[in-house]
Amino acid sequence: MNAIPIKDISETSAPTRFVGGSDRASKHPGVERILSRLGPWLPWVHVVMFLVFLAVLVVPVYLPESAEQATFLDDGRVLANYLLWGVWFPLVFFSVVITGRSWCGFLCPMGAASELANRHGLKMQTPAWVRWPGTPILSFIIITLLGQTTGVRDHPEATLEIFGGTFVMAVIVGWLWGRNKRVWCRHLCPIGLLLGVFARLGAVQLCPRKWKSGPDELTDKTICPTYIDLPRKRATRHCIECLRCILPGHTAGLAVSFRRPGQELESIRHHAPDGWEILFIFLGAGVALGGFLWLVLPFYSDWRQVAGTWFIEQGQYWIGKPGPAWLMSVHPERREVFRWLDFFMIAGTMVAVMALSALVLSVACLASAGLARLQGGTASLFQAFVQIGYSQAPVALMALMIGLATELFTPFLRLGMTAVQVSNAKAAMIFLGWVWSVWLAWRILQGLGVGRGRWLALLPSAAGSSAMAAAWWMAVL
Ligand code: SF4
Ligand code: SF4
């Protein structure tokens with residue numbers, strides 16, 4: 001049980017204070033005492049959140065149709081939609097940069113229900129396909145595609161299907177697999193990986209009071225519901241902040257520390273960098289972008305026309321018929337009926353943009369990695385590629401926040417902000433994300449040991465961030 005050499009984590013922030021057990025005293029005992037007292041109340045918070053969840057998802061389906069001019073002040077459906085996309089989504093995204101995955105541990109009723117089901121469930125061994133690192137990536141992509149084709153942001157039925165369906169699946173997964181754990185949160189939740197990657201940007205981290213050497217890997221022998229090997233914890237990704245390991249006055253468990261947002265990614269080489277996370281950032285940002293881009297691409301309707309005509313010429317008339325309502329938006333009462341052609345066109349565009357995004361960002365980061373090695377970088381090409389890949393996280397975060405939190409600016413508009421000012425605010429957020437990404441790439445290259453030629457190595461990665469920012473700019477502005 002060797003301590004990690006000091007040199008190995010010299011550029012990390014909080015972990016240096018806990019290295020080798022030389023400083024086991026907590027830096028924030030007051031915060032830890034408050035958090036440990038909060039812990040027993042969390043199940044009650046989850047019950048309240050479950051009731052809110054039910055009200056926001058189920059009630060709107062049974063309310064009368066909203067009038068064209070309805071607002072969240074006078075219409076239940078619009079209010080529920082606003083609470084979801086104007087309050088919940090922005091709060092989760094903002095909070096992850098400040099406090100990490102506090103949404104998961106403190107408030108999320110879905111993860112809590114999955115864990116409750118686990119306590120009374122079959123406790124079977126988790127299948128290998130669930131533990132496969134690509135599973136949460138697929139989960140995110142499938143839900144994003146389904147959310148887009150069913151119109152999750154516009155129709156309460158689709159919102160209930162997507163959120164209610166994942167809730168039911170979380171309970172089933174919890175009932176089937178694992179022993180006093182959250183298999184759903186660790187491996188399957190569609191937004192778990194998203195929150196996990198962005199939590200690495202967060203200002204709060206929980207560090208072992210006493211480090212042990214060895215890789216930060218999944219283990220069954222832990223009190224942690226997401227299988228974290230507590231004394232070897234290096235990464236924030238899987239910590240859902242359930243507070244169970246905060247044990248004030250003990251030498252075991254984790255201690256609370258604070259850091260500058262982004263610091264974990266700046267020194268990612270010491271915090272379990274993972275190529276699967278990079279694949280997720282590249283694919284996830286791309287598929288979400290595709291969900292907005294098809295609405296604004298000027299040539300989308302021409303492509304749709306060409307594809308539709310070709311199918312009709314082949315005698316494939318089914319392409320012009322509406323599909324099942326669980327798969328695509330079929331709401332004649334709201335003048336929106338997708339046909340199979342729309343389904344394939346939307347899903348196809350999103351998958352194509354996702355592939356293109358992954359290609360562009362991969363080439364950009366690979367070029368930066370190659371140049372980093374030429375300029376004195378010590379890591380292998382793949383290691384450098386993975387580490388530089390994390391620099392795309394901030395621009396992706398800002399873009400996703402603007403894209404998914406569609407109602408973010410609604411109250412500001414009601415308070416007198418003009419549409420132009422809203423557009424400027426969104427543009428400023430994307431610009432901020434781009435600047436942060438470039439800065440992050442600079443710091444990661446510094447950590448890779450790149451000396452004088454760092455500007456050169458930075459260029460391709462910055463070009464990748466620019467392409468991502470420009471594409472989102474076009475999609476949401
Ligand atoms: S991982 Fe998903 S289900 Fe689990 S607590 Fe977080 S948001 Fe909720
Ligand atoms: S590391 Fe601690 S706070 Fe984080 S999920 Fe595990 S037990 Fe909960």
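Look at (1) within 16 Å of ligand 2 (Cβ to nearest atom); (2) touching a Gly at 6+ places or on another chain (Cβ under 8 Å); (3) among the β-branched types (Val, Ile, Thr) and you find that residue 162 fails only one, number (1).
Just one of the numbered conditions (1) away from ligand 1 (no atom under 16 Å from the Cβ); (2) open to solvent by 20 Å² or more (accessible area, probe 1.4 Å); (3) closer than 24 Å to residue 135 by Cα is not true of residue 268: (2). When you look at residue 206, is it closer than 17 Å to residue 273 by Cα and either within 16 Å of ligand 2 (Cβ to nearest atom) or of a type in the set (Asp, Glu) (or both), yes or no? Here the answer is no, as residue 206 does not meet what is asked. Suppose we keep only residues that are over 25 Å from residue 108 (Cα atoms) and of a type outside the set (D, E, K, R) within the range 242-265. Which one would you say is most open to solvent (accessible area, probe 1.4 Å)? Looking at residues that are over 25 Å from residue 108 (Cα atoms) and of a type outside the set (D, E, K, R), I get 250. Residue count for the range 89-108, restricted to those that are more than 8 Å from ligand 1 (Cβ to nearest atom) and of a type outside the set (A, V, I, L, M): 9.
Considering (1) open to solvent by 80 Å² or more (accessible area, probe 1.4 Å); (2) touching a residue at least 40 places away in the same chain (Cβ under 8 Å); (3) not basic (Lys, Arg), the lone condition that residue 317 does not fulfil carries the number (2). The condition of being over 19 Å from residue 170 (Cα atoms) and part of a helix (DSSP H, G or I) holds for only one of 129, 41, that being 41. With the requirement that a residue be farther than 19 Å from residue 401 by Cα, out of contact with any Lys or Arg (no Cβ under 8 Å at 6 or more places or on another chain) and within 13 Å of ligand 2 (Cβ to nearest atom), what does the range 92-123 give you? Within the range 92-123, 105, 106, 112 qualify.
From the list 434, 439, which residue is of a type in the set (Phe, Trp, Tyr) and surrounded by fewer than 19 Cβ atoms within 10 Å (Cβ to Cβ)? Result of the check over 434, 439: 439. Within the range 213-224, the set of residues being within 14 Å of ligand 2 (Cβ to nearest atom) and either of a type outside the set (A, V, I, L, M) or closer than 17 Å to residue 142 by Cα (or both) comprises 216, 217, 219, 220, 221, 222, 224.
Annotation: of all residues in the range 444-455 being in a helix (DSSP H, G or I) and touching a Ser or Thr at 6+ places or on another chain (Cβ under 8 Å), the one that is surrounded by the fewest Cβ atoms within 10 Å (Cβ to Cβ) is 447.
Condition check ((1) touching a residue at least 60 places away in the same chain (Cβ under 8 Å); (2) open to solvent by less than 40 Å² (accessible area, probe 1.4 Å)) across all residues:
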{"site": "141", "(1), (2)": "yes, yes"}
{"site": "145", "(1), (2)": "yes, yes"}
{"site": "160", "(1), (2)": "yes, no"}
{"site": "163", "(1), (2)": "yes, yes"}
{"site": "166", "(1), (2)": "no, yes"}
{"site": "170", "(1), (2)": "yes, yes"}
{"site": "179", "(1), (2)": "yes, no"}
{"site": "182", "(1), (2)": "yes, yes"}
{"site": "187", "(1), (2)": "yes, yes"}
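Being more than 13 Å from ligand 1 (Cβ to nearest atom), at pLDDT below 95 and assigned by TED's automatic domain parsing to the domain that holds residue 153 holds for only one residue in 85, 129, and it is 85.
Taking the criterion of being buried (at least 20 other Cβ atoms within 10 Å of the Cβ) and out of contact with any Asp or Glu (no Cβ under 7 Å at 6 or more places or on another chain), the residues of the range 211-226 that qualify are 211, 224, 226.
Within the range 359-392, being among the aliphatic types (A, V, I, L, M) and surrounded by fewer than 24 Cβ atoms within 10 Å (Cβ to Cβ) holds for 359, 360, 363, 366, 367, 371, 374, 379, 381, 386. Of the residues 239, 207, the single one that is of a type outside the set (D, E, K, R), surrounded by 22 or more Cβ atoms within 10 Å (Cβ to Cβ) and at pLDDT below 95 is 207.
The values are calculated or read from the model by the stated rules, or taken from the named source; none is laboratory data. Because the structure is predicted, anything quoted here is derived from the model rather than measured. So basically every Cβ, Gly included, is an ideal-geometry build from the backbone, and we count neighbours across all protein chains shown. Surface accessibility is based on the protein's heavy atoms, side chains included, excluding ligands, DNA and RNA. Shrake-Rupley method; radii C 1.70, N 1.55, O 1.52, S 1.80 Å.
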